[in-house]
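Since the structure comes first, as structure tokens, the remarks are kept for the end.
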Amino acid sequence: MNKLTSAVKVLVVDDQPLIVEELCEFLESSGYRCVPCESSRHALQRFGEDAEIGLVLCDLHMPDMDGIELVQAMQKVAGKQRAFEAIMLTGRSDKQDVIKALRAGISDYYQKPINLDELLEGIQRQEAALQERQKELHLGHLNLKLQYLSESINDLYHDLDKVRRSPTPVPADDTESMAEDAVSAPIPSIFNKLSPRQLDVARLVGKGQTNYQIACELGITENTVKLYVSQVLRLTHMHNRTQLALALSPGQLAMRQPVTAH
């Protein structure tokens, strides 16, 4: 028998205490940490509290909730963020119960009296299957993060390319709001070090627009807008977007506008 301690816990559920005790004693001697439960309600509570539970060994016929209902309730608790495998035990030989259990997502099925060696082999198989599912979940999360990062990087490269290709002032056929910005009062000299796109973002912040609104207007992601706002605050030595908005508000710009003689 495997004497190494498994990283996954086994939730053992049966309304007969002697069966729970026997199964836990056998599995713990085989290297598994067990969580004993004598009711479906208690088992569901323990499952929700302990994220290390990855294998569920439960009786089919129990009061309150039967084994199938229990596993379905656990599936709702787990959602898409947590994987687990369930093995059903029963003292009855009913083909319809087997079909119903398999349709509910239960991985394996053993009839009482249980051959413990066969059960151990089944648990080891389900532990290996669980490890594969957990890897897939982890890879899925990483892929989402990489996709989000890739989109942000693509937006940045796109903006850099636009700056390199079009260093001239905003074209006359741009939107009305951009045209109004072009003829507005000169901005403070502290903003001179900003790139054209950083300045676009700063002006829209000054107009009181949210990151989402700015993203829609400039055709970039909201995450990229956050990056630009952070860059603008750092380059202008301002503490927050409120201070930035005040510095670029129409009233403040009008006060700063120099008077020139002609």
In this structure, is residue 123 among the aliphatic types (A, V, I, L, M) and more than 16 Å from residue 27 (Cα to Cα)? no
Of those in the stretch 1-40 that are modelled with pLDDT of 95 or more and of a type in the set (Lys, Arg), the residue farthest from the chain's Cα centre (by Cα) is 33
Given the conditions (1) assigned to a helix (DSSP H, G or I); (2) farther than 18 Å from residue 20 by Cα; (3) in contact (Cβ under 8 Å) with a residue 24 or more places away in the chain, report the number of the one that residue 96 does not fulfil. (3)
For the stretch 233-262, how many residues are at pLDDT below 50 and either assigned to a loop (DSSP other than H, G, I, E, B) or at positive phi (or both)? 6
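Here is a yes/no grid of residues against (1) among the aliphatic types (A, V, I, L, M); (2) in contact (Cβ under 8 Å) with a residue 12 or more places away in the chain:
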{"position": "15", "(1), (2)": "no, yes"}
{"position": "23", "(1), (2)": "yes, yes"}
{"position": "28", "(1), (2)": "no, no"}
{"position": "73", "(1), (2)": "yes, yes"}
{"position": "85", "(1), (2)": "no, yes"}
{"position": "90", "(1), (2)": "no, yes"}
Checked the stretch 80-106 for anything surrounded by 17 or more Cβ atoms within 10 Å (Cβ to Cβ) and at pLDDT below 90; matches are 90, 97, 101
Can you say whether residue 70 is in contact with a Ser or Thr (Cβ under 6 Å, 6 or more places away or on another chain) and modelled with pLDDT of 95 or more, as far as the supplied structure shows? yes
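The values are calculated or read from the model by the stated rules, or taken from the named source; none is laboratory data. Keep in mind it's a predicted model, so treat the numbers as computed, not measured. With ideal geometry, Cβ positions are generated from the backbone for all residues, glycine too; neighbour counts draw on all protein chains shown.
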